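So the structure is just underneath, and the comments pick up after that.
The values are calculated or read from the model by the stated rules, or taken from the named source; none is laboratory data. Fair warning: this is a prediction, and the values are worked out from it, not measured in the lab. Here the Cβ is made from the backbone with ideal geometry for all residues, glycine too, and neighbour counts use every protein chain on show.
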Amino acid sequence: MEGTVKNDKTQTGDAPVMDSVVDFPTDQRLHISINVNDLWKSANFYRHIFDADPVRMEKGYAKFEVHEPAINFAINEFPNNVLPEGHFGIQLDSHDDLEKNFNRLSEAGFSILTEDGVACCYARQDKFWCADPDGYRWEFFVTTSQEDVDEGCGPDCICHQDIQRTVI
């Protein structure tokens, strides 16, 4: 096993406890892996979503290691085994960041839906949505209020709708 010895304790037997050989700026990061129908179309979509190239591309596989948000995001090409349920989101801390991301993705040719001042998930939010080539929905949002909002996410919410997919 490669890595640096974390301490002199052992997990089992004589094997030392090892630190990760992967460097990232936080103590933790989220890992998500999804199935897609077309690796190249999806990799191109996610290059724009994360504003980064994949760190690894193999036959049927691509991995993005993004520092902000801290995520290890993998796509696996498994045609006919794609289930784009639910959605993913990137919460931003300012309207400037929301506008920068909106402009960046619009200029790349993304199909985008916007919502301003919408009550969702028991908060008031300004956001925009886009969908990848397989229909996985992504939202970029700023939470503007968490008070006096008594709506969750009902069946009419965009997060449950099939929205236009972006293929670039």
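Among the residues of the range 67-82, none qualifies, meaning not one is touching a residue at least 24 places away in the same chain (Cβ under 8 Å), assigned by TED's automatic domain parsing to the domain that holds His160 and within 22 Å of Arg29 (Cβ to Cβ).
Applying a threshold of 7 Å to beta carbon distances and a minimum spacing of six or more residues, or different chains, the list of pairs starting in the range 9-23 at a residue that is at pLDDT 65 or above and ending at one that is in a strand (DSSP E or B) and surrounded by 10 or more Cβ atoms within 10 Å (Cβ to Cβ) reads Pro16/Val5; Pro16/Thr10; Val17/Lys6; Val17/Thr10; Met18/Val5; Met18/Lys6; Asp19/Lys6.
Figure legend. Inter-residue proximity from the range 104-117: first residues within 24 Å of Ala52 (Cβ to Cβ) and free of Cβ contacts under 8 Å to residues at least 12 places away in the same chain, second residues part of a loop (DSSP other than H, G, I, E, B) and among the hydrophobic types (A, V, I, L, M, F, W, C), beta-carbon distance below 8 Å, spacing 6+ or different chains. Indicated pairs: Ser106/Ile112.
Taking the range 24-63 as the region of interest, how many residues are of a type outside the set (A, V, I, L, M), at pLDDT 90 or above and part of a loop (DSSP other than H, G, I, E, B)? Steps first, answer last, please.
Initially, the range 24-63 is screened for residues of a type outside the set (A, V, I, L, M), giving 24-29, 31, 33, 35, 37-38, 40-42, 44-48, 50-51, 53-54, 56, 58-61, 63.
With at pLDDT 90 or above added as a condition, the list becomes 31, 33, 35, 37-38, 40-42, 44-48, 50-51, 53-54, 56, 58-61, 63.
Then drop every residue that is not part of a loop (DSSP other than H, G, I, E, B), which leaves 37-38, 51, 53-54, 59-60.
Of the residues in that region, 7 qualify.
Within the group Tyr136, Tyr122, which residue is of a type in the set (Ser, Thr, Tyr), in contact (Cβ under 8 Å) with a residue 60 or more places away in the chain and not assigned by TED's automatic domain parsing to the domain that holds Asn35? I'd like the intermediate steps shown before the answer.
Details: Tyr122 fails: in contact (Cβ under 8 Å) with a residue 60 or more places away in the chain.
Sole residue among the options that is of a type in the set (Ser, Thr, Tyr), in contact (Cβ under 8 Å) with a residue 60 or more places away in the chain and not assigned by TED's automatic domain parsing to the domain that holds Asn35: Tyr136.
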